Amino acid sequence: MHPAGLAAAGTPRQRKWPSKRRTPVSQPGMADPHQLFDDTSSAQSRGYGAQRAPSGLGYPAPSASPQAAFLADPVSNMAMAYGSSLAAQGKELVDKNIDRFVPVTKLKYYFAVDTMYVGKKLGLLFFPYLHQDWEVQYQQDTPVAPRFDINAPDLYIPAMAFITYVLVAGLALGTQDRFSPDLLGLQASSALAWLTLEVLAILLSLYLVTVNTDLTTIDLVAFLGYKYVGMIGGVLMGLLFGKIGYYLVLGWCCVSIFVFMIRTLRLKILAEAAAEGVPVRGARNQLRMYLTMAVAAAQPLLMYWLTFHLVR
């Protein structure tokens, strides 16, 4: 055998292992090492090209919003302050004009009621004969709220009574197959027209008689609006018991409102005589008494006029 063959047979053959050379793997956000040029199409999304913070850490600086930039402008701050002052002046002007034409602060006084006051006031309207003290209570020259004084006028009962009267009138017309929106509107407008005419007539009479009284226009609206309570009772009894029930209840309510108005307005219109405690005789005082009687007598007439056609 050839010596070269023996040497080849006695020498072990070396095995070739695969190379352990690592191939670089591209990571997200890093360029491909085999790529010749960087891809700058999405540089904004990866943060390339953004402004660097002055700290040098490599993070992009937060961009200021347009609102913050606007507020940081001194001119805009001055404009905002000027606009706020204009808005405050406008609100003050509107409040003054509204309070001049519509006394909101005074109206709050007339609606300062509670459940107990409403119940006692309704009892006083139906049974004024049992009441003795008709003086209005004052606290530091200011009348107390209606919820603390049953003799104080309020607008809650007249307002609710007027709305209820319109609804009851619609019910009465519906039971007679005469209901229509136009007729119901005519009923409400006629009641308001009579109330306005009453107030104007009383104010003119007080001016002609030269009465110095603390009776205001809102007080007149309140006192004249109490008659709607009796009108509601008369119409409801008429619907339930016919004309007999209507005339009985309405008659009672007419007498009650007459007594109520006499005893209430006597202290308002005849304030001078009531303050002195001595009846003052004279032509002027007689005119005041006649005016009080006329206002009280007009209430039953209007109660009948506004309700007699609703009961058949």
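The values are calculated or read from the model by the stated rules, or taken from the named source; none is laboratory data. Because the structure is a prediction, the values reported are computed rather than measured. Using ideal geometry, Cβ is built from the backbone for each residue, glycine included, and neighbour counts are taken over all protein chains shown. We work out accessible area using only protein heavy atoms, side chains counted, and drop any ligands, DNA or RNA first. Shrake-Rupley method; radii C 1.70, N 1.55, O 1.52, S 1.80 Å.
Before moving on, here are some points about what is shown:
- Matching entry among Leu184, Leu195, Leu171 (being in a helix (DSSP H, G or I) and open to solvent by 60 Å² or more (accessible area, probe 1.4 Å)): Leu171
- Failed item, numbered, when Phe162 is tested on (1) open to solvent by 20 Å² or more (accessible area, probe 1.4 Å); (2) out of contact with any helix residue (DSSP H, G or I) (no Cβ under 7 Å at 6 or more places or on another chain): (2)
- Total residues in the stretch 217-230, condition open to solvent by 40 Å² or more (accessible area, probe 1.4 Å) and in contact (Cβ under 8 Å) with a residue 40 or more places away in the chain: 1
- The condition (being out of contact with any Asp or Glu (no Cβ under 7 Å at 6 or more places or on another chain) and under 23 Å from Gly242 (Cα atoms)) is satisfied by just one residue among Leu186, Leu171: Leu171.
- Checked against the criteria, Ser205 does not count as among the hydroxyl-bearing types (Ser, Thr, Tyr) and free of Cβ contacts under 8 Å to residues at least 24 places away in the same chain.
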